[in-house]
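Each remark here refers to the structure printed beneath this line.
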Amino acid sequence: MNFTVKMTDEADEDLNNFNVSEKARIVKLINRFAENPLPKNEGGHGNPLGKKQGKNLTGLCKIT
């Protein structure tokens, strides 16, 4: 199941600040994550963030 990734205007501007090869790598990672955004321990591509540095990021994942 593929999910749709919606980029904010700010994220799109940030992406355009990268060179072509960096941008391609980032887009590839985003597309891979969109295929299965679950954490790796649930068969997906994300790394769970949990609670870090006093912030509760449980339920959110980092794309690597």
For region 24-47, pairs from a residue that is at pLDDT below 90 to a residue that is loosely packed, with under 14 Cβ neighbours inside 10 Å and of a type in the set (Phe, Trp, Tyr), with Cβ under 7 Å and 6 or more apart or across chains, are ALA34/PHE3; PRO37/PHE3
For VAL5, state whether it is surrounded by 10 or more Cβ atoms within 10 Å (Cβ to Cβ) and either at pLDDT below 90 or closer than 20 Å to GLY59 by Cα (or both).
-> yes
Going by the conditions given, is LEU38 closer than 15 Å to LYS62 by Cβ and surrounded by 12 or more Cβ atoms within 10 Å (Cβ to Cβ)?
-> yes
For region 27-35, indicate whether the set of residues that are touching a strand residue (DSSP E or B) at 6+ places or on another chain (Cβ under 6 Å), surrounded by 11 or more Cβ atoms within 10 Å (Cβ to Cβ) and hydrophobic (A, V, I, L, M, F, W, C) is non-empty.
-> yes
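The values are calculated or read from the model by the stated rules, or taken from the named source; none is laboratory data. Predicted model, so just to flag it, every value in this text is computed and none were measured. Cβ: placed from backbone, ideal geometry, glycine included. Neighbour counts: every protein chain shown.
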